[in-house]
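*Asks:* Here's a structure for you.
The values are calculated or read from the model by the stated rules, or taken from the named source; none is laboratory data. If you're wondering where the values come from, they're calculated on a predicted model, not measured in any experiment. Here the Cβ is made from the backbone with ideal geometry for all residues, glycine too, and neighbour counts use every protein chain on show.
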């Protein structure tokens, strides 16, 4: 018996030794304090701020379908860009696709090099009907004292959503972040290159869509098809998707974290119609159509797609794990034993849960239109965001299992797409992003990650294998939520740094 106990404790000690050795020898990247080697400093630029403010004033709202678009603001926005950046229009090849999508090409000196492509879109989501606190018009106070960033979700707009108000160190309005801020920073960058008579080695393209918020079928999809028809292949495609998460945003990390989207999740919405007995509510069956639908919905929520640690998530861990607490590093570096525990913890948080599985979201439901009537049919919609590695076919099989035993009709709705391919981090295109971030945001951890929302970028897989989703602005979780909610703004500092970021990429790519 004594020998058995000794052997048992010996095994435990050996196990702990293995766990510790693996933890301390795991290839976590060490945090390197960096500073901009070029001595770049943030400079005041009221003209650039005013141009963005003017662009926000134009309500280029995209609605449910192109048939309901009011295109007058889009025409006005095109005209505003031409008036604001005459040097860009005069010194680039530029043309339109489907009347409102814009393409600019700044010619490089070496036609043998594959060009760079930068993406943006001019359309914005509707502003909603929240109240406006300050209805004063034509506010332009770029020298105001900078007020702190939002510390809660805003209930009202500080200024009217299409005021383009400049106050408190911020530029307010729908589209300030998503995504006129990035659009104008790209135009400013091209303008700066042209004004300084800089000629890049490779061509630089800028493509601006007009229907990204409703799927990009007429904008980005047509632009990408045009590029493919022209035989173009791009060295890299840069779009929105990742951000710089403010210190404290990532649990256990005591620094800012720049997350670069190297892939994005797929999208699938399914309508499930559940049959039952209709009639009067005074004599209901033992299980109504709504009751049956509730069982299916419960199955879908309680038995979701299996969580997985993907190769991209492991890269994420390698890049920032070294700055995490010991227990996190222990679990990450010993997945051979602790992966179930690691996944259990990751699925408990809505943010990390989206990184490890195909998510399930019940979004819509329709039944009877009277309180005392039993509907013979109930329908609901469930939206899935597909993890790379899962397929639409697998999700449909998952739904079939959840609806077993019930009389149902299952129908695919909206535009579906598989998850994107995963772009490598071992490329010059990715490393240039790292260099540009270090230039303007020193001491920031940088890591690849999975973009959980949809962007136009996936449409460009037909013309490039190096696609990266990153908007170089530092914001907190409340500011992130404002993009499709209330009181959207971008700080003047973020905006001016973004201009320099893109100009740095364009100027230094081939140095």
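Per-residue answers, yes or no, for (1) surrounded by fewer than 24 Cβ atoms within 10 Å (Cβ to Cβ); (2) in contact with a helix residue (DSSP H, G or I) (Cβ under 6 Å, 6 or more places away or on another chain); (3) touching a residue at least 24 places away in the same chain (Cβ under 8 Å):
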residue	(1), (2), (3)
191	yes, yes, yes
196	yes, no, no
199	yes, no, yes
205	yes, no, yes
211	no, no, yes
215	yes, no, yes
220	no, yes, yes
225	yes, no, yes
228	yes, yes, yes
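*Asks:* Report the residue count in the range 187-223 for those that are in a helix (DSSP H, G or I) and more than 19 Å from residue 453 (Cβ to Cβ).
*Replies:* Summing the residues that are in a helix (DSSP H, G or I) and more than 19 Å from residue 453 (Cβ to Cβ) in the range 187-223 gives 11.
*Asks:* Out of 103, 177, I need the residue that is in a strand (DSSP E or B), under 27 Å from residue 64 (Cα atoms) and modelled with pLDDT of 95 or more. Which one?
*Replies:* Result: 103 is the single residue among 103, 177 that is in a strand (DSSP E or B), under 27 Å from residue 64 (Cα atoms) and modelled with pLDDT of 95 or more.
*Asks:* Could I ask something else about it? Check off (1) under 16 Å from the mean Cα position of the chain (by Cα); (2) crowded, with 19+ Cβ neighbours inside 10 Å for residue 436 and give me the number that stays unchecked.
*Replies:* All conditions are met except number (1).
*Asks:* Take residue 396 and decide whether it is under 25 Å from residue 356 (Cβ atoms), in the same structural domain as residue 379 (by TED's automatic domain parsing) and surrounded by fewer than 17 Cβ atoms within 10 Å (Cβ to Cβ).
*Replies:* yes
*Asks:* If you check 269, 255, 251, which single one turns out to be touching a strand residue (DSSP E or B) at 6+ places or on another chain (Cβ under 7 Å) and assigned to a loop (DSSP other than H, G, I, E, B)?
*Replies:* Among 269, 255, 251, only 255 is touching a strand residue (DSSP E or B) at 6+ places or on another chain (Cβ under 7 Å) and assigned to a loop (DSSP other than H, G, I, E, B).
*Asks:* Going by the structure shown, is residue 384 under 30 Å from residue 284 (Cβ atoms) and under 29 Å from the mean Cα position of the chain (by Cα)?
*Replies:* Judged against the criteria, residue 384 is not a match.
*Asks:* Within the range 344-359, identify whether any single residue is outside the structural domain of residue 460 (by TED's automatic domain parsing) and part of a strand (DSSP E or B), and answer yes or no.
*Replies:* Checking the range 344-359: at least one residue is outside the structural domain of residue 460 (by TED's automatic domain parsing) and part of a strand (DSSP E or B).
*Asks:* Against the conditions (1) buried (at least 23 other Cβ atoms within 10 Å of the Cβ); (2) closer than 21 Å to residue 421 by Cα; (3) touching a strand residue (DSSP E or B) at 6+ places or on another chain (Cβ under 7 Å), where does residue 244 fall short? Just the number, please.
*Replies:* It is condition (2) that residue 244 fails.
*Asks:* Same structure, new question: Which one of 460, 430 is assigned by TED's automatic domain parsing to the domain that holds residue 496, over 15 Å from the mean Cα position of the chain (by Cα), under 21 Å from residue 210 (Cβ atoms) and not in a loop (DSSP other than H, G, I, E, B)?
*Replies:* Only one candidate qualifies: 460.
*Asks:* Looking at this structure, is residue 252 surrounded by fewer than 22 Cβ atoms within 10 Å (Cβ to Cβ), under 25 Å from the mean Cα position of the chain (by Cα) and not assigned by TED's automatic domain parsing to the domain that holds residue 330?
*Replies:* yes
*Asks:* (1) part of a helix (DSSP H, G or I); (2) surrounded by fewer than 18 Cβ atoms within 10 Å (Cβ to Cβ): which one isn't true of residue 128, the others all being true?
*Replies:* Here residue 128 clears every test but (1).
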